[in-house]
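Only one structure is covered here, and it is reproduced in the block below.
The values are calculated or read from the model by the stated rules, or taken from the named source; none is laboratory data. As the structure is a computational prediction, the values presented were derived from the model and not from experiment. Glycine gets a Cβ as well: all are built from the backbone with ideal geometry, and neighbour counts include every protein chain shown. To get the accessible areas, we keep the full protein, side chains included, count just its heavy atoms, and leave off ligands, DNA and RNA. Shrake-Rupley method; radii C 1.70, N 1.55, O 1.52, S 1.80 Å.
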Amino acid sequence: MNAVVTVAGRDRIGIIGGVCTRLAELGINILDIRQTVMQEYFTMMMIVDLSGAKSSYEEISCALGQYGEAGGLSIRIQRTDIFDAMHQV
């Protein structure tokens, strides 16, 4: 199963490296990644593959949320089927 991960917060050194390391620890493969900095704010969107994940979807969501909070970031994960359904015109 694939999912969309979004990351937002004040820009600082190490955000991408830290988030990617956390995903690797959870057994999640990054398929595509886009990031940008708008003034002092960092935003990133990733498509990830959860098929090799070591935890349930709920545990992954909680782990990413906690990691984000500890680093002053908002990190959210959403299954691609739900994301697609919510963004259809």
Sort 23-29, 9-15 for me by packing, meaning the mean count of neighbouring Cβ atoms within 10 Å per residue, highest on top.
-> 23-29, 9-15
Quote to one decimal, in nm, the extra length available between Thr80 and Asp49 on full extension: 0.36 nm per residue of separation minus the C-alpha distance between them.
-> 10.1 nm
For the chain, what is the accessible area per residue in Å² when the probe is 1.4 Å?
-> 61
How much length is gained on full extension from Leu31 to Asn2, taking 0.36 nm per residue of separation minus their Cα-Cα distance?
-> 9.5 nm
How many percent of the accessible area of the chain is carbon or sulfur, using a 1.4 Å probe?
-> 53
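If the viscosity is 1.002 mPa s and the temperature 20 °C, what translational diffusion coefficient in µm²/s does Stokes-Einstein give for the chain when Rh comes from Kirkwood over Cα pairs?
The calculation lands on 162 µm²/s.
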